[in-house]
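Participant: Take this structure first; my questions come after.
The values are calculated or read from the model by the stated rules, or taken from the named source; none is laboratory data. Just so it is clear, the model here is predicted, and its values are computed rather than measured. In this analysis, Cβ positions are derived from the backbone assuming ideal geometry, glycine residues included, and neighbour counts consider all displayed protein chains. Areas reflect the complete protein model, heavy atoms only, side chains present, ligands, DNA and RNA absent. Shrake-Rupley method; radii C 1.70, N 1.55, O 1.52, S 1.80 Å.
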Amino acid sequence: MNNTFSKVLDVLLKIMFVTGFLIFFCANVFHYTARMDGDVAGEAILAKEISDNNLRTPDSWFISTEERVIYPANLGAIIYHFSGNLNVSMGLACSVCGLLLIISMIALYRKVGMSSIAAWCAAVIPFVLTLNVHDTLEMYILYAGYYFPVLFAFYIYGIFHADFIEGRIPVFNLIISVVLSIVLGMQGMRGLLMVFLPYTCVEILRTLIILIKKKKCQLKELFPLFWCCFLVVISYVSGKFLSEGVSSTSRNLRNGPAKLVNEVIPSIFDLFDTNGNLVYLLVVVAVCLIAVCFSVYVFIKKMPQKSAFFWASHWMSLFAMVAAMAFTTFDVSSRYSVFLFFAIGMSVGITLDNMESQMVLRNIFLAIIISCTVFSSSSVYMNLIKNDNSKDSVYVKIVDWMVENNVHRGYSTMDYAGIITLAGNGKTEVCQIDMTNLCAIKWLSSADWYPPNSDAGERVAIITTDNTDESFLKYIDENNLSGIIETSTDMQKFHCYILQENPVRLD
């Protein structure tokens with residue numbers, strides 16, 4: 001009876017996982033602007049810029065924190081090149097990247113010996129334990145997929161590393177792992193901190209345990225450690241000499257403990273957003289505690305086996321980012337800790353695999369996870385699909401007003417410029433400026449949008465808010481600028497102006 005019920009639960013989990021992914025797919029492709037913000041809009045606009053520049057990032061593009069080399073925006077550029085629909089292209093790119101991430105997760109979990117249901121369970125956890133769209137789901141499945149490159153690389157290299165542990169050293173694995181280390185290094189520090197450094201640290205531990213147990217190691221047993229160290233060096237050197245515009249950090253050892261307690265740890269708790277549902281939050285916390293505690297016991301019992309090694313690598317990736325935030329001048333953000341859910345996911349998978357002798361508890365645990373999947377999927381559907389009113393938003397009205405007045409280019413603050421651009425799906429181009437001096441904001445923007453690189457004689461729109469309108473009008477008055485030929489204040493908090501000539505400057 002228990003076996004039959006267990007099989008039903010196994011099938012039900014897979015059905016709900018596929019259903020959940022389809023909901024994310026619909027949210028990305030058909031409701032891309034439902035929860036838009038300036039940073040996400042910048043990724044989509046970058047896709048358009050790359051597409052218009054023969055699929056290369058333009059030299060005129062001002063990056064944010066990392067160079068985009070293998071990001072959803074790069075795939076979105078290819079899709080946009082053929083479709084011409086910016087929002088659909090970027091949404092489809094994020095969905096494809098999310099699917100690739102899920103496949104790589106399940107492939108690694110199966111590679112290290114997890115059962116099918118445990119692997120699926122471990123893969124579903126990052127998508128259901130939180131409803132935090134901005135700091136979590138946007139990182140790997142919705143709208144932007146900022147962390148897709150490092151997460152995907154973590155699992156792909158993990159599959160290769162499992163071969164190395166088993167004594168197999170395919171040349172293909174060596175080549176691709178070097179390429180990954182170089183590319184991730186070009187994109188910034190996250191590849192080093194979240195992929196290669198964690199694997200190296202845990203590999204040192206695994207090698208020490210082997211040495212203690214066996215008293216000696218064969219060359220093939222030492223190769224995984226050597227290769228991890230080599231990739232760390234490659235990634236660091238690549239970041240040092242090939243990355244462009246990536247912000248540097250310095251040490252913060254003296255104030256690190258205080259920063260850890262007062263800023264970093266509280267930011268991690270922000271990830272657990274359940275839209276105010278206390279019962280769901282308690283269930284999530286219970287699942288996490290049970291899985292983590294049980295998997296720690298399994299780790300102590302089974303290290304240096306593969307499943308224990310990769311479980312530890314997941315947690316080490318999280319600890320590396322936490323340490324970087326606390327003990328360097330890294331900015332503190334909850335999104336830097338998103339690997340927590342992937343570590344919890346593998347903990348859940350290991351817990352399920354080691355409950356086979358207690359089928360009743362295993363089935364209860366699995367039923368709870370299925371319930372979380374149902375609740376999470378329904379919440380995403382309600383918030384991002386059913387209740388999506390973005391087509392009736394004020395941003396669409398602003399776009400329509402610009403089109404009616406035959407104005408293609410406009411300027412607004414960074415918080416709203418990209419959102420307005422995507423509200424019209426690229427029909428108009430609204431670029432970010434500082435309203436106090438009408439100068440470009442060089443963050444997820446292009447130098448080509450501003451004079452002298454663009455036509456200073458073209459008609460442009462300036463879109464201010466209640467908070468910035470006074471600064472704009474003051475600048476216009478102090479610099480004796482004229483030419484306001486059309487205004488509109490019927491746009492909620494926005495004030496819209498059309499100027500006969502473009503007063504904006506690049507510098």
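Participant: Exactly one condition in (1) open to solvent by 40 Å² or more (accessible area, probe 1.4 Å); (2) touching a Phe, Trp or Tyr at 6+ places or on another chain (Cβ under 7 Å); (3) not hydroxyl-bearing (Ser, Thr, Tyr) is not met by Pro452; state its number.
Facilitator: Checking Pro452 against (1) open to solvent by 40 Å² or more (accessible area, probe 1.4 Å); (2) touching a Phe, Trp or Tyr at 6+ places or on another chain (Cβ under 7 Å); (3) not hydroxyl-bearing (Ser, Thr, Tyr), the one that fails is (2).
Participant: I'd like the residue in the range 325-344 that is aromatic (Phe, Trp, Tyr) and modelled with pLDDT of 85 or more and, out of all such residues, is surrounded by the fewest Cβ atoms within 10 Å (Cβ to Cβ).
Facilitator: The selected residue is Phe327.
Participant: Is it the case that the range 197-205 has a residue that's buried (at least 23 other Cβ atoms within 10 Å of the Cβ) and either among the small types (Gly, Ala, Ser) or in contact with a Pro (Cβ under 9 Å, 6 or more places away or on another chain) (or both)?
Facilitator: The answer is yes; a qualifying residue exists.
Participant: Taking the range 471-507 on its own, how many of its residues are assigned to a loop (DSSP other than H, G, I, E, B) and either within 37 Å of the chain's Cα centre (by Cα) or on the phi > 0 side of the Ramachandran plot (or both)?
Facilitator: Of the residues in the range 471-507, 9 are assigned to a loop (DSSP other than H, G, I, E, B) and either within 37 Å of the chain's Cα centre (by Cα) or on the phi > 0 side of the Ramachandran plot (or both).
Participant: Does Leu473 meet the test of being in contact with a Lys or Arg (Cβ under 7 Å, 6 or more places away or on another chain) and either crowded, with 21+ Cβ neighbours inside 10 Å or within 17 Å of Asn502 (Cα to Cα) (or both)?
Facilitator: For Leu473, the condition - in contact with a Lys or Arg (Cβ under 7 Å, 6 or more places away or on another chain) and either crowded, with 21+ Cβ neighbours inside 10 Å or within 17 Å of Asn502 (Cα to Cα) (or both) - is not met.
Participant: I would also like to ask the following. Given the condition assigned to a helix (DSSP H, G or I) and either touching an Asp or Glu at 6+ places or on another chain (Cβ under 7 Å) or small (Gly, Ala, Ser) (or both), answer yes or no: does some residue in the range 11-18 qualify?
Facilitator: Among the residues of the range 11-18, not one is assigned to a helix (DSSP H, G or I) and either touching an Asp or Glu at 6+ places or on another chain (Cβ under 7 Å) or small (Gly, Ala, Ser) (or both), which makes the answer no.
Participant: If I filter the range 38-56 down to residues being in contact with a helix residue (DSSP H, G or I) (Cβ under 7 Å, 6 or more places away or on another chain) and surrounded by fewer than 20 Cβ atoms within 10 Å (Cβ to Cβ), which single residue comes out as nearest to Arg409 (Cα to Cα)?
Facilitator: Ranking the qualifying residues of the range 38-56, first place goes to Gly38.
Participant: Assess whether Ala423 counts as being in contact with an Asp or Glu (Cβ under 9 Å, 6 or more places away or on another chain), hydrophobic (A, V, I, L, M, F, W, C), touching a residue at least 60 places away in the same chain (Cβ under 8 Å) and on the phi < 0 side of the Ramachandran plot.
Facilitator: no
Participant: Kindly check whether there is at least one residue in the range 44-62 that is over 21 Å from Gly424 (Cβ atoms) and within 19 Å of the chain's Cα centre (by Cα).
Facilitator: No: the range 44-62 contains no residue that is over 21 Å from Gly424 (Cβ atoms) and within 19 Å of the chain's Cα centre (by Cα).
Participant: Please list, ordered by first then second residue, the pairs with beta carbon atoms under 6 Å, 6 or more apart or interchain, first in the range 38-60 and more than 10 Å from Ser446 (Cα to Cα), second part of a loop (DSSP other than H, G, I, E, B).
Facilitator: Val40/Tyr143; Val40/Ala144; Gly42/Leu444; Glu43/Ala144; Ile50/Thr57
Participant: Consider Asn28 against the criteria (1) open to solvent by less than 40 Å² (accessible area, probe 1.4 Å); (2) in a helix (DSSP H, G or I); (3) over 22 Å from Phe375 (Cα atoms); (4) modelled with pLDDT of 90 or more: it satisfies all of them except one. Which criterion is unmet?
Facilitator: (3)
Participant: Hey, among the residues in the range 360-389 that are open to solvent by 40 Å² or more (accessible area, probe 1.4 Å) and touching a helix residue (DSSP H, G or I) at 6+ places or on another chain (Cβ under 7 Å), which one's modelled with the lowest pLDDT?
Facilitator: Looking at the filtered set, the residue picked out is Val360.
Participant: Okay, moving on. I need the full set of residues from the range 205-221 which are in a loop (DSSP other than H, G, I, E, B) and closer than 15 Å to Lys306 by Cα, in order please.
Facilitator: Once the filter is applied, which keeps residues that are in a loop (DSSP other than H, G, I, E, B) and closer than 15 Å to Lys306 by Cα, the range 205-221 yields nothing.
Participant: Among the numbered criteria (1) in contact (Cβ under 8 Å) with a residue 40 or more places away in the chain; (2) buried (at least 16 other Cβ atoms within 10 Å of the Cβ); (3) within 20 Å of Gln492 (Cα to Cα); (4) out of contact with any His (no Cβ under 8 Å at 6 or more places or on another chain), which single criterion is violated by Asp415?
Facilitator: (2)
Participant: Tell me yes or no: at least one residue of the range 250-261 is under 22 Å from the mean Cα position of the chain (by Cα) and buried (at least 16 other Cβ atoms within 10 Å of the Cβ).
Facilitator: no
Participant: Looking only at the range 488-501, count how many residues are open to solvent by 40 Å² or more (accessible area, probe 1.4 Å) and more than 16 Å from Val394 (Cβ to Cβ).
Facilitator: 2
Participant: Evaluate the following for Thr464: is it farther than 22 Å from Ala144 by Cβ and either within 27 Å of the chain's Cα centre (by Cα) or not in a loop (DSSP other than H, G, I, E, B) (or both)?
Facilitator: Yes, satisfied.
Participant: Taking the condition of being closer than 16 Å to Ala34 by Cβ and of a type in the set (A, V, I, L, M), how many residues in the range 76-95 meet it?
Facilitator: 4
Participant: Out of the residues in the range 418-448 that are under 20 Å from Ile484 (Cα atoms) and of a type outside the set (A, V, I, L, M), which is most open to solvent (accessible area, probe 1.4 Å)?
Facilitator: Thr436
Participant: List the residue pairs whose Cβ atoms are under 6 Å apart, where the first residue sits in the range 449-465 and is more than 15 Å from Gln500 (Cα to Cα), the second is of a type in the set (Phe, Trp, Tyr) and outside any strand (DSSP E or B), and the two are 6 or more positions apart or on different chains.
Facilitator: Qualifying pairs under 6 Å: Thr464/Phe472.
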